[in-house]
Every structure is written in structure tokens, then in C-alpha cells.
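A short worksheet on the structure shown next.
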């Protein structure tokens with residue numbers, strides 16, 4: 001009886017688990033949430049797959065924005081250089 005109650009509190013629905021996976025990308029989870037996530041993903045292939053895909057997408061989006069900000073900074077520096085050259089020629 002006690003074991004079932006404890007287990008019931010540790011095993012979430014798939015909906016709650018995906019919320020925890022998304023939350024994990026933004027902030028750290030509590031110990032209880034980490035355990036719930038671990039128990040559920042160890043038993044549910046769908047949520048385990050969702051977690052892997054979510055991590056992959058987060059890395060890809062982060063890399064994209066990192067590269068985009070670098071290219072914007074480069075073009076910004078290039079514009080500054082051209083403006084300075086025009087001022088010197090004047």
C-alpha cells in the first residue's frame with residue numbers, strides 16, 4: 001500500500017513528463033521532479049524520444065542564434081570600418 005502511494009507520486013503522465021522536459025531546458029528541476037522524469041522516461045519510449053529530440057533542437061537553435069549573432073557583429077564591424085574610411089576621405 002505505501003509502495004503504491006510512493007510509486008503513484010513518482011510516476012507522471014506523459015503530459016506532465018513533457019512539461020518537465022521543457023522546464024528542464026529553461027531552469028533546473030527539483031529532486032522530486034528529476035526523479036519523476038527519470039522514472040517515467042526509463043519506462044516510456046515516447047517520452048524518452050521526446051527528451052532526446054528536445055535536447056537536439058535546443059542545441060541546434062542555440063547554435064543557429066550564436067552563429068547569427070556572430071555574423072551580425074561581423075557585418076556591424078564592417079559597416080563601422082566603411083564609415084570611418086568615408087570620414088577619413090572627406
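Coordinate-derived values only; no laboratory data. Every value quoted in this text rests on a predicted model; they were computed, and no experiment measured them. Heads up, the Cβs are rebuilt from the backbone with ideal geometry, glycines too, and the neighbour counts pull from every protein chain shown.
Of note:
- One residue stands out in region 18-31 among those that are in contact with a helix residue (DSSP H, G or I) (Cβ under 8 Å, 6 or more places away or on another chain) and assigned to a helix (DSSP H, G or I): the one that is nearest to residue 58 (Cα to Cα), namely 25.
- In region 42-59, the residues that are farther than 19 Å from residue 13 by Cβ and either surrounded by fewer than 10 Cβ atoms within 10 Å (Cβ to Cβ) or in contact with a helix residue (DSSP H, G or I) (Cβ under 6 Å, 6 or more places away or on another chain) (or both): 58
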